[in-house]
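All remarks here apply to the structure that follows.
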Amino acid sequence: MANHPSLAGFPFEIRKLYLQVEEILTEGGEPDGEPLFKLVAAAVLKNPLAGTRGAAVDALIAASPPLGRLLGERLVGALGGRAVQSYGKAVIVGTDGQHEHGQALVTTAFANPLRELVSGGKAWISSTLKRGAAGTAIDVPLAHKDALYVRANYDTVEVRVPDAPLEDEIVVIVVAASRGRLHARCGGLLAADVKGEDGLH
């Protein structure tokens, strides 16, 4: 259901779109290179299964790819030409819904368009999920898009949409970062070592 000309034919009724951009210059002391950009793109949508218990969620899974593409395009656009190095996803389900309603919206069907947009995405996408009232905050995990074992990319982004989700809504969230943590020094695999179909040299 579309409620905006640019969403004609879109499979969900979206009340609002949310975009957050954070530019971190340093963790204290001198910068160690390019700033760290952390981005959030979210959609607040009507939960078509609100108030139901045990209903099949197959239709939500099948309808989710355009949602993944919409949010991925907003993330990539907000990066202004910078590459995505790490990413994550999350859902907050309103109190008239169930966890499964939210999870159905962020399966592989949803995630594959995001992977295409970030030019890679060989690693599984870190994810989290909760139910909550309007204004509920959620910490969304970040990890390297092509190799989970890059320690410098382990991070989080806190997301809170002040008036969402309402009881019959779901907030679907994707996050991305342009690089690993500033001043990372815990060793292990480096982002520069990531290459190839298996995510490593």
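The values are calculated or read from the model by the stated rules, or taken from the named source; none is laboratory data. Since this is a predicted model, take the numbers as computed values, not measurements. Backbone-built Cβ (ideal geometry, glycine too); neighbour counts: all protein chains shown.
Would you mind finding the one in 120, 132 that is touching a strand residue (DSSP E or B) at 6+ places or on another chain (Cβ under 9 Å) and not hydrophobic (A, V, I, L, M, F, W, C)?
132
Out of all the residues in the stretch 166-193, which are within 15 Å of residue 22 (Cβ to Cβ) and either part of a strand (DSSP E or B) or without any contact (Cβ under 8 Å) to a residue 60 or more places away in the chain (or both)?
Across the stretch 166-193, the qualifying residues are 173, 174, 175, 176, 177.
If you go through the stretch 135-154, how many residues are within 15 Å of residue 90 (Cα to Cα) and either modelled with pLDDT under 95 or assigned to a strand (DSSP E or B) (or both)?
Number satisfying all stated conditions: 7.
List the helices (runs of 4 or more DSSP H) inside the stretch 1-115, counting only whole elements, that have at least 2 residues being surrounded by 18 or more Cβ atoms within 10 Å (Cβ to Cβ) and modelled with pLDDT of 95 or more.
Values: elements: 58-63, 65-78, 99-103.
Filter on the stretch 1-115 gives 65-78, 99-103.
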